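Participant: Quick one: the structure is below, questions incoming.
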Amino acid sequence: MPRIPVGTAVESSLQWLVDHAGGFFDGVSAVLLFAVNTVYTALVSPLPFVLIAVFGLVAAVTTRSAVLTVFTVLAFLLVDGMRLWTQTLETLAVVIMAAVISVLVGVPVGILAANSARVSVCVRPVLDFMQTLPVFVYLVPSVFFFGIGVVPGIVATTVFAIPPAVRLTELGLRQVDAEIVEAARAFGPRPGQVLREVQLPLALPSIMAGVNQVIMLALSMVVVAGMVGAEGLGGVVVSGVTQFDIGLAFEGGIAVVVLAIFLDRVTGALGRPRSSGRRTRTALDTLLRRRAREEAPREPEHAAA
Amino acid sequence: MIEARHLTKVFDLSPARARRTLDAGPDRARAVREAGGVLAVDDVSFSVERGELFVIMGLSGSGKSTVIRMINRLVVPTTGSVLYDGTDVGGMTPRQLRGLRNERVGMVFQHFALFPHRTVRENAAYGLKARGVPRRERLRRADRALEQVGLGQRGGAYPDEFSGGMQQRVGLARALTTDPDVLIMDEPFSALDPLTRRSMQEQLLELQRDFRKTIIFVTHDLNEAMRLGDRIMVMRDGRTIQLGTGPEIIARPADGYVHDFVSDVDRTRVLTAAAVMRPPWVTAALGEDPAAVLARLERSRARGAYVTAPDGGIAGVATPEALSAAAAERRADLEHCLGGDYTAVPDDTPLVEFCHLTGGHAVPLAVVDRDKRLVGVVPRARVLDAIASAAEDRSEHA
Ligand SMILES: Nc1ncnc2c1ncn2[C@@H]1O[C@H](COP(=O)(O)OP(=O)(O)OP(=O)(O)O)[C@@H](O)[C@H]1O
Ligand SMILES: [Mg+2]
């Protein structure tokens with residue numbers, strides 16, 4: 001068997017891209033940097049205590065769990081006490097950015113895949129590739145394109161986090177009762193109306209489960225992102241490890257865990273069915289429903305009661 | 001109003017390939033199967049009149065749902081066409097097709113297919129939302145439709161808070177809000193318990209009476225088909241086996257399949273006087289000579305003759321005794337030998353309502369049409385035959 005120079009081919013094509021599309025990558029880099037800085041600035045501008053209170057409130061509203069609310073407040077106070085507050089927010093900003101991009105890319109692709117068997121078949125191996133290719137293998141090229149810093153971290157994280165968004169969107173849409181979709185079509189809605197008003201709302205629990213996974217995968221990438229110069233908790237852990245500062249590494253690790261638990265429980269609660277009445281509903285459903293009920297004209301029956 | 005011409009549907013093959021396969025040979029079903037497709041509907045034609053309640057009946061998988069979905073093109077026919085008042089649905093632009101679905105056809109589904117994330121009122125208003133009617137107006141009209149189906153006060157609830165019967169009322173209201181002329185109903189009551197089903201059937205018949213919708217109704221329950229249908233189309237394996245009124249199908253099933261199907265039904269409620277009657281052996285017109293009628297009577301086994309007036313109505317019954325007396329008196333017509341010893345029933349009376357009236361007189365029970373004209377007679381033996389064959393079918397079935 002002769003040596004097949006796959007590596008050389010990849011290398012030279014990457015080099016070609018850098019040479020010929022360098023401006024494009026610089027532009028993407030600038031946009032991403034600006035966006036993530038904006039998110040970060042928004043997060044750090046209030047006092048830590050104010051933001052911690054907001055986190056507590058978010059936990060209370062979405063999960064309705066006193067335990068988790070108390071945990072959230074105490075855990076973030078601990079993070080602040082470890083002097084890791086700004087790094088945690090840097091990481092949170094990266095995670096939010098990566099999650100938003102993943103969802104913006106993943107959900108539409110999932111919709112296309114749900115509507116066409118052909119797209120579905122083509123997309124699947126690409127997703128497998130993105131998820132199983134060892135992270136470092138594309139971390140290095142993204143440094144190649146975007147330089148050292150937070151941007152290659154975001155890009156690598158996004159690549160890694162897109163697949164669950166696509167998969168769970170497709171799954172959710174395919175699981176929507178075909179008769180209900182047909183019923184909607186039978187009334188002659190405009191194009192896109194069925195998707196917006198029936199299919200997506202009914203696929204929402206599954207899509208939210210996808211968002212939850214996207215966020216968790218993004219978080220799991222922060223340490224790796226720290227290695228290419230992204231600041232934040234990744235940077236803390238990496239410097240702790242490289243300097244044999246076990247204490248520092250642990251503190252960074254604990255902050256990652258706090259962030260992970262908080263984000264997981266909150267996004268999980270948005271997607272997870274909560275039993276109320278005979279059918280189970282998601283917290284998001286309940287929030288939306290409350291709005292619908294308020295909008296509906298008052299009935300005499302209710303007014304009397 | 002609606003005409004289906006040679007509708008054929010092949011699933012799981014590309015349309016071009018399906019058409020080629022259909023043209024290939026005489027055994028289309030087999031050709032399609034061997035090509036890896038499903039011939040769900042095979043050359044079905046029928047037409048439905050305005051205001052008619054047309055029932056499509058058949059066992060599971062016989063292609064009923066596919067047929068009705070081709071009527072509003074939720075399923076695109078492989079070959080054949082559907083015409084509304086002469087306009088071919090296949091030739092419509094997407095916009096016209098949306099208009100047809102939104103304004104002219106309402107659809108009701110077996111498992112209700114309500115939108116679980118919307119209130120009952122919003123469900124009922126869906127067709128108007130698709131039409132772009134402002135929110136306040138469409139909710140008002142939804143409330144009116146909910147009123148019609150007896151759910152006036154419950155619009156704020158979510159579908160999962162309702163029982164099956166109530167959910168299907170919402171499904172019906174959703175189809176009625178857009179005020180379509182055609183209702184397509186795919187086994188709408190199959191998932192309901194018998195009592196609820198019965199009351200929903202009543203309600204549908206009432207609606208039909210009040211608003212004269214054209215209704216195409218799918219069921220696999222013959223009793224339901226008989227109760228509701230003006231005409232019934234029986235399908236099997238994608239083909240039409242028989243098309244006719246309920247009594248016609250009961251009285252003359254087209255083949256063994258239909259015969260098995262109808263053997264379940266309670267015939268005494270379905271068979272009408274028109275279905276079991278036979279022509280009278282001897283009738284006489286009022287102006288006839290008594291001696292001639294007496295001679296005809298004596299040649300037959302009849303024990304009396306119905307005498308008809310010039311307008312076809314029954315003038316009375318002439319017995320042999322009265323006739324021979326009149327002949328002896330040399331009367332010129334039958335005016336003086338008429339007796340009132342008979343009973344007549346309208347031709348649409350169900351068997352169960354007239355069987356006790358037979359055998360009470362020398363002449364068999366008379367059957368008259370809407371204009372009171374004599375159209376046939378039912379002797380007692382025929383009633384017994386009809387009931388006996390029903391009983392026999394049932395015991396065969398047990
Ligand atoms: N979308 C589809 N793809 C492939 N085959 C289909 C499809 N829809 C229906 N069929 C097949 O077509 C045939 C007729 O189905 P159809 O649903 O019209 O029957 P039906 O008379 O309505 O039965 P049921 O009483 O079970 O509703 C069946 O063999 C079914 O498997
Ligand atoms: Mg069906």
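Participant: So residue B:66 fits all but one of (1) free of Cβ contacts under 8 Å to residues at least 12 places away in the same chain; (2) within 15 Å of ligand 1 (Cβ to nearest atom); (3) not small (Gly, Ala, Ser); what number is the exception?
Facilitator: Failing condition for residue B:66: (1).
Participant: Mind listing whichever residues of the stretch A:168-180 are part of a helix (DSSP H, G or I), touching a helix residue (DSSP H, G or I) at 6+ places or on another chain (Cβ under 7 Å) and either within 13 Å of another protein chain (Cβ to nearest Cβ) or not basic (Lys, Arg) (or both)?
Facilitator: Those that are part of a helix (DSSP H, G or I), touching a helix residue (DSSP H, G or I) at 6+ places or on another chain (Cβ under 7 Å) and either within 13 Å of another protein chain (Cβ to nearest Cβ) or not basic (Lys, Arg) (or both): A:168, A:169, A:170, A:171, A:172, A:173, A:175, A:180.
Participant: Hey, another quick one. Out of all the residues in the stretch B:101-120, which are without any contact (Cβ under 8 Å) to a residue 60 or more places away in the chain, within 32 Å of the chain's Cα centre (by Cα) and within 7 Å of chain A (Cβ to nearest Cβ)?
Facilitator: B:101, B:113, B:115
Participant: Could you grab the pairs with beta carbons closer than 9 Å, sequence gap of 6+ or different chains, first residue in the stretch B:122-146 and in the same structural domain as residue B:177 (by the TED database) and among the aromatic types (Phe, Trp, Tyr), second one open to solvent by 20 Å² or more (accessible area, probe 1.4 Å) and assigned to a helix (DSSP H, G or I)?
Facilitator: Filtered contacts from the stretch B:122-146: B:126/A:197; B:126/B:138.
Participant: Looking at residue B:158, is it in contact with a Lys or Arg (Cβ under 7 Å, 6 or more places away or on another chain) and assigned by the TED database to the domain that holds residue B:210?
Facilitator: Considered against the rule, which asks whether it is in contact with a Lys or Arg (Cβ under 7 Å, 6 or more places away or on another chain) and assigned by the TED database to the domain that holds residue B:210, residue B:158 comes out as no.
Participant: Only one of these is under 21 Å from the mean Cα position of the chain (by Cα), closer than 18 Å to residue A:32 by Cβ and open to solvent by less than 20 Å² (accessible area, probe 1.4 Å): A:127, A:139. Name it.
Facilitator: Step by step, each of A:127, A:139 is checked, and only A:139 is under 21 Å from the mean Cα position of the chain (by Cα), closer than 18 Å to residue A:32 by Cβ and open to solvent by less than 20 Å² (accessible area, probe 1.4 Å).
Participant: In the stretch B:378-387, what residues are part of a helix (DSSP H, G or I) and either at pLDDT 80 or above or open to solvent by 50 Å² or more (accessible area, probe 1.4 Å) (or both)?
Facilitator: B:380, B:381, B:382, B:383, B:384, B:385, B:387
Participant: Being over 19 Å from residue B:81 (Cα atoms) and either exposed (fewer than 14 other Cβ atoms within 10 Å of the Cβ) or not assigned by the TED database to the domain that holds residue B:75 (or both): is that true of residue B:14 here?
Facilitator: no
Participant: May I pose another question? Restricting attention to the stretch B:10-48, which residues are assigned to a strand (DSSP E or B) and free of Cβ contacts under 8 Å to residues at least 60 places away in the same chain?
Facilitator: B:11, B:38, B:47
Participant: Can you name the residue in the stretch B:55-78 that is away from ligand 2 (no atom under 16 Å from the Cβ) and away from every other protein chain (no Cβ under 14 Å) and, of all such residues, is surrounded by the fewest Cβ atoms within 10 Å (Cβ to Cβ)?
Facilitator: Filtering first and then ranking leaves B:78.
Participant: Please verify whether residue B:69 is under 24 Å from residue A:187 (Cα atoms) and part of a helix (DSSP H, G or I), treating the condition exactly as stated.
Facilitator: So residue B:69 passes the test.
Participant: Quick one: which residue in A:150, A:121, A:137, A:181 is touching a residue at least 60 places away in the same chain (Cβ under 8 Å) and of a type in the set (A, V, I, L, M, F, W, C)?
Facilitator: Residue meeting the stated conditions: A:150.
Participant: How many residues does the stretch B:79-99 hold that are surrounded by 17 or more Cβ atoms within 10 Å (Cβ to Cβ) and within 7 Å of chain A (Cβ to nearest Cβ)?
Facilitator: Adding up the residues that qualify gives 1.
Participant: From the list A:165, A:183, which residue is within 14 Å of another protein chain (Cβ to nearest Cβ), modelled with pLDDT of 90 or more, crowded, with 19+ Cβ neighbours inside 10 Å and in a helix (DSSP H, G or I)?
Facilitator: Within the list A:165, A:183, the selection yields A:183.
Participant: Suppose the filter is among the acidic types (Asp, Glu), touching a residue at least 12 places away in the same chain (Cβ under 8 Å), open to solvent by 10 Å² or more (accessible area, probe 1.4 Å) and assigned by the TED database to the domain that holds residue B:228; does residue B:186 pass it?
Facilitator: It is false that residue B:186 is among the acidic types (Asp, Glu), touching a residue at least 12 places away in the same chain (Cβ under 8 Å), open to solvent by 10 Å² or more (accessible area, probe 1.4 Å) and assigned by the TED database to the domain that holds residue B:228.
Participant: For the condition open to solvent by less than 50 Å² (accessible area, probe 1.4 Å) and under 32 Å from the mean Cα position of the chain (by Cα), what is the one hit in B:346, B:320, B:364?
Facilitator: Just a single option satisfies the conditions, and that option is B:364.
Participant: Counting only residues that are more than 12 Å from ligand 1 (Cβ to nearest atom) and buried (at least 20 other Cβ atoms within 10 Å of the Cβ), how many does the stretch B:19-54 have?
Facilitator: Of the residues in that region, 5 qualify.
Participant: Okay, moving on. For the stretch A:95-102, does any single residue satisfy the condition of being closer than 22 Å to residue A:249 by Cα and buried (at least 17 other Cβ atoms within 10 Å of the Cβ)?
Facilitator: Yes, the stretch A:95-102 contains at least one residue that is closer than 22 Å to residue A:249 by Cα and buried (at least 17 other Cβ atoms within 10 Å of the Cβ).
Participant: While we're here: Within the stretch B:152-200, count every residue that is within 16 Å of ligand 1 (Cβ to nearest atom) and part of a loop (DSSP other than H, G, I, E, B).
Facilitator: Final tally of qualifying residues: 6.
Participant: Further question: Looking at (1) more than 16 Å from ligand 2 (Cβ to nearest atom); (2) aromatic (Phe, Trp, Tyr); (3) in contact with a Pro (Cβ under 9 Å, 6 or more places away or on another chain), find the lone condition where residue B:109 falls short.
Facilitator: Only one criterion in (1) more than 16 Å from ligand 2 (Cβ to nearest atom); (2) aromatic (Phe, Trp, Tyr); (3) in contact with a Pro (Cβ under 9 Å, 6 or more places away or on another chain) is unmet by residue B:109, namely (1).
Participant: Here are some conditions: (1) in a loop (DSSP other than H, G, I, E, B); (2) within 11 Å of another protein chain (Cβ to nearest Cβ); (3) touching a residue at least 60 places away in the same chain (Cβ under 8 Å). Residue A:204 meets all but one. Which one does it not meet?
Facilitator: So residue A:204 meets the others, but not (1).
Participant: Answer with yes or no whether residue B:149 is more than 10 Å from every other protein chain (Cβ to nearest Cβ) and either within 20 Å of residue B:194 (Cα to Cα) or open to solvent by 10 Å² or more (accessible area, probe 1.4 Å) (or both).
Facilitator: Spelling it out, residue B:149 is indeed more than 10 Å from every other protein chain (Cβ to nearest Cβ) and either within 20 Å of residue B:194 (Cα to Cα) or open to solvent by 10 Å² or more (accessible area, probe 1.4 Å) (or both).
Participant: Confirm whether residue B:283 is within 30 Å of residue B:230 (Cβ to Cβ) and modelled with pLDDT under 90.
Facilitator: Here the answer is no, as residue B:283 does not meet what is asked.
Participant: Name every residue in the stretch B:83-100 that is touching a helix residue (DSSP H, G or I) at 6+ places or on another chain (Cβ under 8 Å) and touching a residue at least 40 places away in the same chain (Cβ under 8 Å), in order of residue number.
Facilitator: B:83, B:84
Participant: Right, another one. Filter the stretch B:228-238 down to the residues that are within 16 Å of ligand 2 (Cβ to nearest atom) and in a strand (DSSP E or B) and list them by number.
Facilitator: Within the stretch B:228-238, B:233, B:234, B:235, B:236 meet the criteria.
Participant: OK, next. Give the number of residues within the stretch B:207-227 that are in a helix (DSSP H, G or I) and open to solvent by less than 90 Å² (accessible area, probe 1.4 Å).
Facilitator: Residues that pass the stated criteria total 8.
Participant: Looking only at the stretch B:306-323, how many residues end up being out of contact with any helix residue (DSSP H, G or I) (no Cβ under 6 Å at 6 or more places or on another chain) and either at pLDDT below 85 or of a type outside the set (Val, Ile, Thr) (or both)?
Facilitator: Looking only at that region, the number is 9.
The values are calculated or read from the model by the stated rules, or taken from the named source; none is laboratory data. Everything quoted here is computed from the prediction, not taken from an experiment. All Cβ positions, glycine included, derive from the backbone under ideal geometry; neighbour counts span all protein chains shown. Quick note on the areas: whole protein, heavy atoms, side chains included, nothing else; ligands and nucleic acids left out. Shrake-Rupley method; radii C 1.70, N 1.55, O 1.52, S 1.80 Å.
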